[in-house]
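One structure below.
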There are 2 protein chains.
Amino acid sequence: MEQVSLNRSHGGSQGVYTHQSKVTGTPMTFSVFVPDHAPGAKLPMLWYLSGLTCTHANVTEKGEFRAACAEHGVIFVAPDTSPRGDDVPDDEGYDFGKGAGFYVNATQAPWATHFHMRDYIESELPAVLAAGFPMADMARQGITGHSMGGHGALTIALRNPGQFRSVSAFAPIVSPLNCPWGEKALGGYLGPDRAAWRDYDACALIEDGARLPELLVDQGGADNFLAEQLKTHLLAEACAKAGIAATIRMQPGYDHSYYFISSYLAEHVAWHATRLKA
Amino acid sequence: MEQVSLNRSHGGSQGVYTHQSKVTGTPMTFSVFVPDHAPGAKLPMLWYLSGLTCTHANVTEKGEFRAACAEHGVIFVAPDTSPRGDDVPDDEGYDFGKGAGFYVNATQAPWATHFHMRDYIESELPAVLAAGFPMADMARQGITGHSMGGHGALTIALRNPGQFRSVSAFAPIVSPLNCPWGEKALGGYLGPDRAAWRDYDACALIEDGARLPELLVDQGGADNFLAEQLKTHLLAEACAKAGIAATIRMQPGYDHSYYFISSYLAEHVAWHATRLKA
C-alpha cells in the first residue's frame, strides 16, 4: 500500500492510497479518512461505494462527510468502482466496463480477467485496510453507497450480514434484474442466465431469504433515474414482505448528483455511528 | 443572466449562471446558493473570491458551505477569477492571465482590454445580482476568499468599507508588493510603477489609511506558500499598527487546499452571519 496524498482536514487525515490488487490484477486506488483519536483507540469504519463513472475522488472531494466522521469518530473508506489501466477491457457506454464494475465477480470473457469487484470489496481490500490502518476496528464496519454503489452496499451487506453491522444507501439501484443498467451490466459480466444474477440483486436476495436488521435509504424525488433504473418501490415492497425495517426517505426536489448526496451523507454517518458504537 | 444549472442541496438551491459582462467584454460564469426562505424575506449575501487557477466551480463543489448558509440564511456567491474565452490573452504560467485576474483593473496591453475584475466584482456583478435575486439584501454584504481571492476580499473590502459589512479570508496573499505572485501579476497588469500597485495591496491600503472594523483570517500552518507568497505576519503587523481588530488563526497541519478551506468555511459563514444580522 502506497500513500498518494495525505491532507489534514476537519480534524483528521484524508489520505489516498494505491496498492497492487491480486483479485483484479491491477493497481487499485482508494481513499481513507481517519479522524484524530487517542493513541491505541479503535474506530469503527464506514465504507462508501461509488456510482457509475466515479472513482474514489468524487465522494472524497464532494461528499461533505469529514466533519461528521470527525465528530463521531468514524473512519471513512472510498474504493474505486472498477479495475483501471490499458490492459483492462472497456465499453463505449458509461454504464459498463471501466467505472462500472457493479461490484460483481465477472464470469464472461473478456471481463472475467479483471472485473472481480465483489472479491475486492468483500475480501481483499478489508485485509489491506486491517493491515494498513491499525486503528480500524474491523469488527465494527458499516456500508453505504450511491446508485450502482448503493446496489453494491445493499447486496454486499445482504450476502455478508456478519461483516457489516449497518447498511444504508443513496438512490440505490435496488434490482438490476429489473432495469436497463442492470440488464446490460449483469448480462455482460455474468452471461444470459438470469438465475446467476440473483446474487447481485438486493430484491432477489431478500426474496431468496437474505436478511438485514434494518436499512436506511435516501432517494431524491427529482432524480431522473428513479422511474426507469432505480425503482425504489421494489425495495420497499421486498423489505415489507420480508419484515425488514426499512426507512426509505423520498427527498423532494433532490436529484441524483453529489448536491443531493452531500446534503444527507453527514446524517448517514451519524446513523451508522449510532449502530456501530451500540 | 442565464441559468446554466440549478440543483437542490442542503435545503436550498445551488445555481450556476452566465451573463455577458460589459466590463470584461466576455461572458462570465458565477454560482449562487440561495437557502429556502419565507416569501418576501431578504437575506444577507456572502461573496467568496477564489484563488489562482480556480473558477466558480471549485468552491461550489468542494467548499462545504451550504449547510451553514442554509442554517444561517445566507446567500453565497462565487464568481470566476478572470475573463475567459479565445479572445482573452493568457500567460504560460498558472499565476497570470486566465484564472489569475487578481481582482484588478489592468492598465497594460494586452491585458487592459478584458482584465477588469475589480470593476466586475465591485460594481457590475452586484448590479446583476441585485436584479436577478430579489431576495438578496444588498445592504448586508460580507466578503471572503482564498489565496488570490483572499487578497481580493481584503483589498475590495478595504477600498469599499460601506459596501461590505464583514470581511474574512483563507490563506490570503496579504501583500502583492512583497511576493513573487504579486510582483508578476501587478507588474504585468499595472506596469512597473509600484505606486500604482498600492491600491491592490491590503497591507499598503492599511498603511495608507484604509480601515476595517475587524477581520478574520485562517491560515494553514503547513501551507507550502506561507513563507514566500502569503506572509500572513505582514497583515498581522499592519493591523496591529492601525488598530484593526484582526483574528488571525494559524491552523497547524493544514495546507493550501480545499481540504483546509472546507474545514473552516462553515465557521466563516457563521461569523459573517452574526455580523450581517446584527
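The values are calculated or read from the model by the stated rules, or taken from the named source; none is laboratory data. If you're wondering where the values come from, they're calculated on a predicted model, not measured in any experiment. Neighbour counts are summed over all protein chains in view; Cβ atoms, including those assigned to glycine, are modelled from backbone coordinates with ideal geometry. Note: areas computed on protein heavy atoms with side chains; ligands, DNA, RNA excluded. Shrake-Rupley method; radii C 1.70, N 1.55, O 1.52, S 1.80 Å.
Once the other residues with Cβ under 13 Å from the Cβ of residue B:105 are scored (Lys, Arg +1; Asp, Glu -1), what is the net sum? Neighbour charge sum, excluding residue B:105 itself: -2. Working note: Cα gyration tensor of the range A:25-179, eigenvalues times five, square-rooted, sorted largest first, giving semi-axes of 26, 16, 15 Å. Of A:101, A:150, A:188, the residue with the greatest mean-square motion in the GNM of chain A, using alpha carbon springs below 10 Å, is A:188.
For the range B:99-119 versus the range B:30-89, the inter-centroid distance based on Cα atoms is 21 Å. The distance from the alpha carbon centre of the range A:200-278 to that of the range A:144-179 is 8 Å, rounded to a whole number.
Sorted shortest first, the distances from the residue A:123 label point to those of the same residue in the other copies are 7.0 nm; each point sits 7 Å from Cα along Cα-to-Cβ. Could you tell me what % of all Cα pairs in the range A:22-92 have separations over 19 Å? Cα-Cα pairs in the range A:22-92 separated by more than 19 Å: 44 percent.
Quarter the surface of the alpha carbon convex hull of the protein assembly as shown and you get the mean projected area, 26.3 square nanometres. Taking all protein chains as shown and a probe of 1.4 angstrom, residue B:80 keeps an accessible surface of around 10 Å². Take every Cα-Cα distance within chain B, group them into 10 Å bins from 0 onward, and report for each bin the whole-number percent of pairs it holds. Once binned at 10 Å, the Cα pair distances of chain B give 7, 32, 38, 20, 3, 0. The order of A:37, A:151 by accessible area, most exposed first and with a 1.4 Å probe, is A:37, A:151.
Entry comment: accessible area of the range B:190-278 is 44 Å² per residue, from protein heavy atoms only and a probe of 1.4 Å. Using heavy atoms of the protein chains and a probe of 1.4 Å, the accessible area assigned to residue A:277 is about 110 Å².
Applying D = kT/(6 pi eta Rh) to the range B:179-238, where Rh is the Kirkwood radius over alpha-carbon pairs, T corresponds to 4 °C and eta to 1.567 mPa s, the Stokes-Einstein value obtained is 100 µm²/s. For the range B:1-128, with all protein chains present and a 1.4 Å probe, just round the carbon and sulfur fraction of the accessible area to a whole percent. With neighbouring chains kept in place, the figure for the range B:1-128 is 48 percent.
Placing one identical point scatterer on every Cα of the range A:117-226 and ignoring solvent, what is log10 I(q)/I(0) from the Debye formula at q = 0.15, 0.16, 0.18 Å⁻¹? Calculated log10 I(q)/I(0) at the listed q: -0.67, -0.76, -0.93.
Sorted from nearest, the other copies put their residue B:135 label points 4.0 nm away, the label point being 7 Å from Cα in the direction of Cβ.
Restriction of the GluC sites (Glu not before Pro) in the range A:57-127 to DSSP coil positions whose beta-carbon has at most 11 other beta-carbons within 10 angstrom yields A:92.
Peptide A:60-72 has a mean of 3 when you count, residue by residue, the C-beta atoms of other protein chains within 10 Å of its C-beta. For the chain pair B and A, the buried solvent-accessible surface (1.4 Å probe, both sides summed) amounts to about 1800 Å². Chain A has one residue whose beta-carbon comes closest to the axis relating it to chain B; that residue and its distance in whole Å are A:64, 2. Count Lys and Arg as plus one, Asp and Glu as minus one, and take only other residues whose Cβ is under 15 Å from that of residue B:26; the net charge is then -4.
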